[in-house]
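**Q** Please read through the structure below; I'll follow up with questions.
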Amino acid sequence: MSFTIGRRAALMGAAALGVARPALAAGSVTAAIYPGAWEEAFREHVAPVLKRQHGIDLEMQGLFAVDQVAKFAASRGAPPFDCFVLDPGPRITAIERGQFERFDANRLANKAQLPDGMADEWGVATGAQVVGIAYNPKKLPRPTGWDDLLKDPWVSKLGLTGFGTTFGTVSLIELAKAFGGSETNVEPVFTELKKVLGKIAAVGAPAAMPGLFQQGQCDIMYTNTQTVTTLKDRGVDIEFVAPRTGAVSFITTLHIAKGSPAVDNAYKYIDAAISQPVQKALSEAPYFFVPVNKGVALNASLPMRSLDEMSRFVTHDWAKINPLRAGWIDRFNREMAK
Amino acid sequence: MNGSGVSGFARIGPALPLGLAYLAFFVAPLFMLLAVSFFADDRLTVVGLDNWRKFLFDAFHWKVVADTLLLGLKAVFATVLLGLPLALVWRGASPFWQRVLLFVAVMPLLTSVVVRTFAWIVILGREGVVNQLVLGLGLSPEPLRLLQTEFGLVVSLTQIEMPLLLLPLLSVMARFDPNLLDASASLGASPWRTLFRVVVPLVAPGLAAGALLVFASATTAFISQSVIGGGRLVYLPALVWQQAMINANWPFAAVVAIVLLVSVSAVIAVIAYAGRVAGGHAHGTAA
Amino acid sequence: MARRRSPAEISYALVIGGLAALALVILVGPVLVVLATSFTDSRSIRFPPQGFSFRWYELLLDEVRSRPIHRAAGNTLHVAALAAGLATLGGTGAALALAGLRGRWARLADAFFMSPMVLPGLAFGLAALMYFTLLGFRPSLELLVCGHLIVVVPLVLRTVGASLSQRDPALLDASASLGASGFHTFRRVTLPLIAPGIAAGAFLAFMASVDNVPVSLFLSSARTDMLPIRMWGMMESTLDVRVAAVSGTLILVAFILMLVMERFTGLTRRMRG
């Protein structure tokens with residue numbers, strides 16, 4: 001008998017809650033996005049455009065590229081998001097694993113504004129990233145090269161993160177090169193790190209690095225220019241340095257997840273992200289994204305003046321790096337553990 | 001209770017809905033976890049013990065198990081070291097102050113764990129509250145390193161978990177006979193002797209009940225461990241998280257999760273047993 | 001008691017008093033620090049806070065910029081209400097049944113139902129993720145309710161169980177001997193007696209669900225974001241001052257709810273029991 005009461009109360013309760021239930025808008029799209037600066041930038045500039053022009057709500061999940069590929073693999077056919085945002089390495093992995101829908105750039109209204117070679121059958125570029133060293137000029141002298149990271153006085157203020165992200169991987173590769181390693185040989189990094197491990201200020205998850213820097217837990221780290229400008233905008237003492245061997249650059253791309261239930265909305269999201277007004281807004285303070293739109297002039301504060309300059313930056317061959325990377329990630333986590 | 005000819009079914013009937021929910025959402029998932037751990041590949045196609053072998057034959061993993069259990073024990077030690085004196089003070093306080101102290105003890109339990117973890121970043125940071133005090137008082141020329149150390153982690157866990165210890169401890173403490181303490185004192189025992197010979201054995205069951213909750217909670221506190229502890233302190237929950245969500249290696253993640261489950265349960269069983277023995281002993285002699 | 005104090009007594013008072021004072025500082029300090037930080041006027045989290053303003057609370061109310069936080073909070077409340085509601089119904093039923101059992105089976109059943117409280121939540125969270133995914137479910141709030149239900153039920157079982165054990169068997173016998181049916185006795189005698197216990201259990205279950213990390217960590221997704229997980233993200237990456245404002249809000253709400261529950265159900269007494 002008490003069951004009837006229970007059930008009735010439960011139904012009533014459920015009905016009452018149904019009203020309070022957050023309604024999912026008729027149109028929505030879920031995009032994976034890098035945590036931090038990218039998430040903030042897209043929330044401020046892409047989401048409102050998508051809502052205004054198409055009535056589509058943009059949901060974002062903060063995940064780094066490698067994590068997106070892993071999360072998709074773990075979801076077993078029910079994609080956890082509709083769009084990827086990836087760097088070259090994970091992009092190749094995702095293509096190999098069949099994680100993308102075929103991409104048709106003709107469905108983008110803004111296709112004509114894309115520079116040549118910025119779209120293919122898998123996706124479209126949304127910006128270029130530049131990676132180098134960031135340091136606190138009030139606490140440390142200006143470093144000049146990657147090897148400075150492991151020298152005094154910088155090493156005791158160094159914030160370290162592993163191979164789990166593209167910026168972490170390329171930085172550690174460049175660090176390895178400074179000590180005689182190469183794109184496929186990062187052994188010197190492990191050897192050199194072992195010597196100074198006790199001095200290093202912090203070892204953190206990639207997403208934690210800006211927070212650690214802001215709290216003064218570390219005063220030098222490797223990161224992309226967007227993170228530096230966003231932190232600076234928040235009043236943090238931080239400066240970007242291109243190491244003397246050159247800053248690293250790579251193109252970041254957007255893709256539609258295989259099996260996405262919202263392909264149309266995904267195209268609209270991507271279209272909005274590469275549109276002239278959004279790209280222009282993203283290329284200005286505080287984000288300074290390097291735009292991929294012919295209608296947006298690269299302004300003086302950007303780390304590169306035109307996409308042609310990419311050739312002056314250090315780039316990497318991800319087909320060679322990818323097979324080794326899982327091993328590096330694992331090894332880094334182990335060797336850093338106390 | 002058992003009169004009036006109620007059938008056995010009617011008596012356990014009210015437990016059925018919850019029982020079924022437990023089977024569907026608790027027992028079945030745990031069996032699934034066990035099943036997944038016996039696959040050799042992350043696409044779950046080949047059955048094999050590979051992932052168990054990978055875990056068991058690697059000293060690094062054993063160190064992580066040991067570190068995790070030790071972290072739990074350190075948290076238990078720190079909460080007892082601070083919680084027991086607080087409980088003693090509570091016992092001697094007036095009814096009004098007892099209520100206030102109880103409220104203070106419970107309050108953190110109802111503020112989100114994430115909030116409490118966040119507070120400790122602000123307190124333990126290089127430019128945080130503690131370091132400003134230390135530098136301001138000239139106790140150290142350099143800021144102390146507190147975040148990303150196990151010491152800092154244990155301190156924050158002490159606050160985060162202390163209410164779990166205090167609640168059962170206070171309930172036992174409220175029950176025991178104050179005459180026992182007077183008797184002990186009048187027999188000339190020093191307060192220290194009374195504490196260790198009379199009070200501690202008497203409150204042992206409450207202490208054990210609280211200790212096992214603290215242990216269980218501290219060993220699984222992933223967010224505190226990763227945010228306060230940082231990348232150099234690796235515990236089982238971080239390993240579970242990395243393998244499941246970053247490497248997408250479910251079988252290996254399942255193995256680690258089962259090891260966490262079994263090792264934590266084993267320690268909990270020992271604490272519970274110790275509590276029962278101490279409690280039985282104390283009540284036996286006190287009666 | 002007013003007699004000369006031996007060195008042992010003095011050292012006892014100093015050590016025990018000192019440790020207790022330290023315990024109080026450690027318990028209360030962080031809460032106060034968070035509250036103070038949330039009213040800062042500066043753009044980054046520092047202590048002591050610079051200036052005093054409500055700007056971060058205002059930003060928290062911003063419909064557009066804080067939408068993800070609002071959504072996560074909405075999801076969290078939705079899940080907590082359902083999980084606590086179901087846990088209260090199921091848990092009260094189970095507590096009634098358990099109270100009627102004796103001996104070895106009663107102890108076993110009790111241990112079984114209480115086990116989610118001591119088992120590592122993270123292992124259960126992962127198990128639930130694998131289970132639901134392999135059965136073909138997509139992440140949803142309903143799945144989160146199922147997961148939370150399991151981890152919060154023990155709180156209801158404990159508070160209701162405690163109030164059942166304090167019930168006077170003579171009352172029940174009296175009711176039965178006066179010819180009342182089992183159900184009538186339950187509604188007129190047992191239910192009023194255990195009502196405060198049920199209310200306290202429901203409240204604790206609700207709060208535990210709002211606070212849950214280990215299960216949400218695995219079962220939530222972009223569409224079903226939960227507040228603690230979102231806060232973790234904000235805390236770890238951008239260290240946005242809004243984290244402090246959300247924390248301040250949560251502390252205030254918990255404080256008020258606790259005062260209310262203390263007034264009506266003697267909450268702290270029940271939690272102790």
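All of the numbers you see were taken from the coordinates with simple rules; none came from a lab. Predicted model only: the values in this text are computed from it and were never measured. Positions of Cβ are generated from backbone atoms using ideal geometry, with glycine treated the same way; all protein chains shown enter the neighbour counts.
**Q** Using a Förster distance of 22 Å, how high is the FRET efficiency between A:Ala112 and A:Glu284, based on the Cβ-Cβ distance and rounded to 0.05?
**A** 0.45
**Q** Stokes-Einstein D for the protein assembly as shown at 37 °C, 0.692 mPa s, Kirkwood Rh over Cα pairs, in µm²/s?
**A** Answer, rounded: 112 µm²/s.
**Q** At 222 nm, what value in deg cm²/dmol follows for chain A if DSSP H runs of at least 4 each add -39500 (n - 2.57) and the sum is divided by all its residues, to the nearest 500? Present the calculation step by step, with values, prior to reporting the outcome.
**A** Numbers: 11 runs with 132 residues, N = 338.
My calculation for chain A gives -12000 deg cm²/dmol from helical runs alone.
**Q** May I ask for the net charge around A:Phe103, where only other residues with Cβ less than 10 Å from the Cβ of A:Phe103 are counted and Lys, Arg are +1 while Asp, Glu are -1?
**A** Within the 10 Å Cβ shell, the charges total -2.
**Q** Give me the three principal axis extents of chain B from the C-alpha atoms, as integers in angstrom, largest value leading.
**A** 78, 72, 33
**Q** Rounded to the nearest 500 deg cm²/dmol, what is the calculated helix-only ellipticity per residue at 222 nm for chain B, with -39500 (n - 2.57) per DSSP H run of length n ≥ 4?
**A** -23500 deg cm²/dmol
**Q** To continue, here is another question. Could you put C:Met226, C:Met234 in order, starting from the residue whose Cβ has the fewest other Cβ atoms within 10 Å?
**A** C:Met234, C:Met226
**Q** What net charge is computed for the residues neighbouring B:Met245, neighbours being all others with C-beta under 13 Å from the C-beta of B:Met245, Lys and Arg scored +1, Asp and Glu -1? Provide the component values of the computation, followed by the final result.
**A** Numbers: positive: A:Lys71; negative: A:Asp67, B:Asp42.
The answer is -1.
**Q** Please go through the residue pairs A:Lys138/A:Lys338; B:Lys54/B:Lys74; A:Lys139/A:Lys195; A:Lys138/A:Lys280 and name each one whose alpha carbons sit more than 26 Å apart in this structure. The partial results should precede the final answer.
**A** Values: A:Lys138/A:Lys338 30 Å; B:Lys54/B:Lys74 28 Å; A:Lys139/A:Lys195 23 Å; A:Lys138/A:Lys280 32 Å.
Pairs exceeding 26 Å: A:Lys138/A:Lys338; B:Lys54/B:Lys74; A:Lys138/A:Lys280.
**Q** Now, a different point. Helix A:166-178 sits at what angle to the longest principal axis of chain A, using alpha carbons and giving 0 to 90 degrees rounded to 10?
**A** Value to nearest ten degrees: 10.
**Q** May I ask you to derive the FRET efficiency for A:Lys320 and A:Phe179 from their Cβ-Cβ distance with R0 = 25 Å, giving the value to the nearest 0.05? Spell out each step's value before the answer.
**A** Values: r = 19 Å, r/R0 = 0.76.
Working from the Cβ atoms, E equals 0.85.
**Q** Additional query: Taking the Cα-to-Cβ direction at C:Arg188 and at B:Tyr273 and moving 7 Å from each Cα, how far apart do the two end points lie in nm?
**A** Taking the two extended label points, one gets 5.1 nm.
**Q** Can you pull the one-decimal nm distance between simple spin-label points at A:Glu335 and A:Lys195, each 7 Å off the Cα toward Cβ?
**A** Taking the simple label geometry, A:Glu335 and A:Lys195 are separated by 1.3 nm.
**Q** Also, I was wondering about something else. Could you sort the peptides A:78-85, A:117-124 by per-residue average Cβ neighbour count (10 Å cutoff), highest mean leading? Could you put the intermediate results ahead of the total?
**A** On the way: A:78-85: 24.0, A:117-124: 17.8.
Ranking, from highest mean packing down: A:78-85, A:117-124.
**Q** What is the sum of charges, Lys and Arg at +1 and Asp and Glu at -1, for the other residues whose Cβ falls under 11 Å from the Cβ of A:Ser75?
**A** Here the count lands on +4.
**Q** For the peptides A:314-321, A:287-294, B:210-217, what is the packing order when you average, over each peptide's residues, the other Cβ atoms within 10 Å and list the highest mean first?
**A** Numbers: A:314-321: 15.5, A:287-294: 23.8, B:210-217: 26.2.
Highest to lowest by the protection proxy: B:210-217, A:287-294, A:314-321.
**Q** Mind putting a number on the dipole of chain A about its Cα centre? Charges go on the C-beta only, +1 for Lys and Arg and -1 for Asp and Glu, and I need it in Debye to the nearest 20.
**A** 760 debye
**Q** Computed from the mean reciprocal separation of all distinct C-alpha pairs, what Kirkwood hydrodynamic radius does the range C:66-272 have, in Å?
**A** Every distinct Cα pair counted, the radius reaches 18.6 Å.
**Q** Something else: Under a point spin-label approximation (7 Å from Cα along Cα-to-Cβ), what is the C:Ile256-A:Asp264 distance to one decimal in nm?
**A** Going by the 7 Å Cα→Cβ label model, 4.4 nm.
**Q** So, one more: Dividing the convex hull volume of the Cα atoms of the range A:237-338 by its residue count, what figure in Å³ per residue is obtained?
**A** Convex hull of Cα atoms, per residue: 208 Å³.
**Q** Okay, moving on. Using the Cα centre as the reference, give the magnitude of the dipole from point charges on the C-beta atoms of the protein assembly as shown (Lys, Arg: +1; Asp, Glu: -1; all else neutral), rounded to the nearest 20 debye. Intermediate results must be reported in sequence, preceding the final value.
**A** Working: 76 positive and 58 negative charges, 477 e Å.
In debye, rounded to 20, the protein assembly as shown gives about 2280.
**Q** Right, next: Please list, in order, the residues from the range C:15-30 whose amide nitrogen is less than 11 Å from a point placed 7 Å along the Cα→Cβ vector of B:Leu137.
**A** No residue passes the distance filter.
**Q** Still on this structure, I have one more. Within a 10 angstrom radius of each residue's Cβ in C:107-113, how many Cβ atoms of other chains show up on average? Whole number is fine.
**A** Numbers: counts 0, 0, 3, 0, 1, 4, 5.
What the average comes to for C:107-113 is 2.
**Q** Can you give the Rg and Dmax of the range B:90-147 based on its C-alpha atoms, in angstrom?
**A** Rg and Dmax of the range B:90-147, Cα atoms, are 16.4, 46 Å.
**Q** What is the magnitude of the charge dipole of the range B:40-286 about its Cα centre, with +1 placed on the Cβ of each Lys and Arg, -1 on the Cβ of each Asp and Glu, and no other charges, expressed in debye to the nearest 20?
**A** Magnitude of the dipole: close to 320 debye.
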